[in-house]
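Every read-out reported here was derived from the displayed coordinates using simple, explicitly stated rules and does not represent laboratory data. Everything quoted here is computed from the prediction, not taken from an experiment. Cβ placement follows ideal geometry from the backbone for every residue including glycine, while neighbour counts extend to all protein chains displayed.
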Amino acid sequence: MIGLSKSRGALSMENQKMPEYETIRAAVAGEKWAVEKVVECYKDEIDRLSTVAVRQPDGSTKQEINEDMRQSITKKLIEALPQFPLEEMEKGNVR
């Protein structure tokens with residue numbers, strides 16, 4: 001599985017259901033439909049990682065998705081797709 005964590009600026013997507021192999025292969029090749037499908041697969045995790053506490057006028061906090069963070073995380077995912085280790089996935093070594 002791939003994991004998405006904020007460690008050292010790197011993205012990893014742990015505990016996520018991976019898209020089908022053919023979709024990943026097409027996304028690695030730059031096929032727009034496949035890239036969109038991969039991003040959609042990780043949408044919930046991206047939203048979770050881009051959620052921040054925003055202080056309200058009354059002093060309370062509200063959880064909101066920071067759109068800049070969401071776009072940045074999505075961009076990093078898309079930029080990382082060409083480096084996805086397809087050979088390792090084919091061997092069954094991607095976790």
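Taking 7 Å steps out from each Cα toward its Cβ at residue 55 and residue 75 produces label points 2.8 nm apart. Note that region 21-91 shows a convex hull volume over its alpha carbon atoms of 87 Å³ per residue. For the pair residue 88 and residue 64, the difference between a 0.36 nm per residue extended length and the Cα-Cα distance amounts to 5.0 nm. If amide hydrogens are placed 1.01 Å from N in the peptide plane, which non-local residues have theirs closer than 5 Å to the one on residue 51? Close amide H contacts, sequence-distant or interchain: 66. Measuring r between the beta carbons of residue 43 and residue 20 and using R0 = 22 Å, the FRET efficiency lands at 0.85.
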